[in-house]
Amino acid sequence: MVRSFTPSPIPILHKNHNILSSSTQATTETFTDIATATQILQTYDASQQQYIVSDGNQGMGGGFSAYNHICSLDASTRESLQKAVKTLVNQAHKERGLDSSQGRIMLGICASNAPEALSGLKSYVTSLALPRGMLHGMDVDGVPIPIEELGSVYIKYSTGGAMTFTEIRRSGRGFDALWKPGDALLETYDGDFRGIYLNVELKDGEFRQFGVLPTDLFMEEEDDW
């Protein structure tokens with residue numbers, strides 16, 4: 001049963017009006033948008049943690065309660081989350097366009113089954129214009145694993161890391177930096193969380209990991225895969 005809960009209000013991310021056309025104004029607006037988007041997602045995380053406690057911390061680590069929280073979200077909250085995620089991801093795209101070792105975006109998808117996880121991956125990748133690479137982990141020595149035998153799964157997705165050994169050493173991310181843009185790894189999962197973790201690395205160095213976010217947050221926007 002989902003208990004009554006009053007979450008902390010989530011700020012609304014407004015569109016820029018671009019009153020001034022100077023580079024200073026553009027930089028200020030970009031900073032404000034990033035700061036606001038970060039605040040929206042941080043507030044969401046705090047609200048989810050509060051809900052988990054009020055819901056009795058159900059499931060391993062509160063995973064069931066976190067899902068109940070996701071189910072309780074109204075349309076305006078989901079819209080704010082969509083805008084916030086897109087704002088941070090678009091900034092990461094810009095930074096990666098200037099330097100391929102920057103602007104890394106990672107998704108961690110926790111799902112009850114492979115089709116659910118793959119649908120979530122598809123919708124996020126499509127709506128956020130993320131690169132599409134290879135999906136690893138659905139075979140053993142080249143022999144496909146039947147989807148119905150996988151059970152609960154976790155997918156780790158990354159837009160990639162550094163592309164040269166110099167950049168790999170500089171990044172400090174080791175072999176993880178060798179991932180090609182859009183590669184993903186599917187593996188079995190025995191936890192109770194259902195949803196998507198989002199990690200966005202921007203040049204300001206602030207740690208931005210949020211979640212769990214709704215798996216279907218962008219499903220109404222998805223195009224054909």
Q.
Can you give the local net charge around residue 153? Use residues other than it whose beta-carbon is closer than 13 angstrom to its beta-carbon, Lys and Arg +1, Asp and Glu -1.
A. -3
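Give me the net charge of residue 115's neighbourhood, meaning all other residues with Cβ under 11 Å from the Cβ of residue 115; Lys, Arg count +1, Asp, Glu -1. Numbers along the way, then the final one.
On the way: positive: 122; negative: 116, 148.
Taking every other residue near residue 115 into account, the sum is -1.
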Q) Which value in nm describes the separation of the simple spin-label points at residue 206 and residue 219, placed 7 Å from the Cα toward the beta carbon? A) 3.1
Q.
For a test of the definition: using alpha carbon positions, the gyration tensor, and the 1.5 limit on a/c, classify the range 72-119 as rounded, prolate or oblate.
A. oblate
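Readers should treat all values here as calculations from the given coordinates under stated rules, not as data from a laboratory. Worth saying up front: this structure is predicted, and the values here are computed from it rather than measured. Every residue, glycine among them, receives a Cβ derived from its backbone with ideal geometry; neighbour counts consider all protein chains shown.
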